[in-house]
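The values are calculated or read from the model by the stated rules, or taken from the named source; none is laboratory data. It should be emphasised that the depicted structure is a prediction, and the values quoted were computed from it without experimental measurement. We place every Cβ from the backbone using ideal geometry, glycine too, and count neighbours over all the protein chains shown.
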Amino acid sequence: MAVGHGRMPETTLEKIMTEFQEGSYQILVCTTIIESGLDIPNVNTLIVCEAEKFGLAQLYQIRGRVGRSNRLAYAYLTYRRDKVVSAVAQKRLKAVKEFTELGSGFKIALQDLEIRGAGNILGADQHGFITAVGFDMYCRLLDQAVAELNNEKEEQKTNPRIELQINAYLPSSYITAQAQKFDFYQRIYNTNSIEELREIEEELADRYGSTNDVVKNLLAAAELRIWAMALGVELIQQQGEVIHIQFNPSARLDSSLVMKNTMIATSLITVKQDRPLKLKLRGFSKQHDWLSEMISFFIELDALQQTAAGSW
């Protein structure tokens, strides 16, 4: 067993660390001097005493000292049995426990920001109010305020209300950790691009295995929402085998373009030629069939709209 800390002479500390790396010692008892910049691949177990006293970034860095090779590694963050751990410390320990996948540094930083409070970005105050609205919402409000000061008109996109009679969720048998499940829900809801949605789908399959029917429905509904947003759809509502679609009054799509859609030939669509534009789709009783057909329908409408916009 060797001992290392920052008050030791430089040559002594260097000698101990070199011998520990070469395997002369099996255990190194040390301070947070190992926090960063240390890479010893053959170390596979780390025990942190009184972990509740450390900051979140510190714990993340210290935990990263093990597991730096192909050897299975363990990190034990401990605190005294009779110790009362504060609520903030519990949040830090929970965050380190949950964010274990590769590339979690950014998520850890955001979590640390939420726990400590980011304060006022435009001032010196550090007690802040960001935690009251959440960091993401704060950034949106800040962007909106900056746009108003610059007299910039922010493009308003319709956020469609989708009411479908399907089972679409992330089951606990698929993702057990609630925090990770919430993170994926948030990412799926906030994505506005098909490419990003495909990346999320690949990440789910890579981390948790093949997606089952309810997860596929969730992703399909998210894709439907993205296409609906691009077209200016306000409402998609299913009533039995009938689906009602209502567009925003300012949507560029008109009934003449809708009538060019190939699905019109199937006599499944009724078009109300007024403002706002309304569609009624019939015959959708099977979940998987009509979800894919609805997506195809919107993709074709988007292509028609793009072609019309080019001619304008």
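Side notes on the structure shown:
- Residue count for segment 150-175, restricted to those that are exposed (fewer than 15 other Cβ atoms within 10 Å of the Cβ) and either under 30 Å from Gln237 (Cβ atoms) or at pLDDT 85 or above (or both): 13.
- Qualifying positions in segment 185-241 - among the hydrophobic types (A, V, I, L, M, F, W, C) and without any contact (Cβ under 8 Å) to a residue 12 or more places away in the chain: Ala205
- Taking segment 32-56 as the range and being at pLDDT below 85 and touching a helix residue (DSSP H, G or I) at 6+ places or on another chain (Cβ under 6 Å) as the test, the residues that pass are Glu35, Ser36, Ile40, Leu56.
- Consider segment 73-92 and keep the residues that are of a type in the set (A, V, I, L, M, F, W, C) and modelled with pLDDT of 85 or more. The one that is surrounded by the fewest Cβ atoms within 10 Å (Cβ to Cβ) is Ala73.
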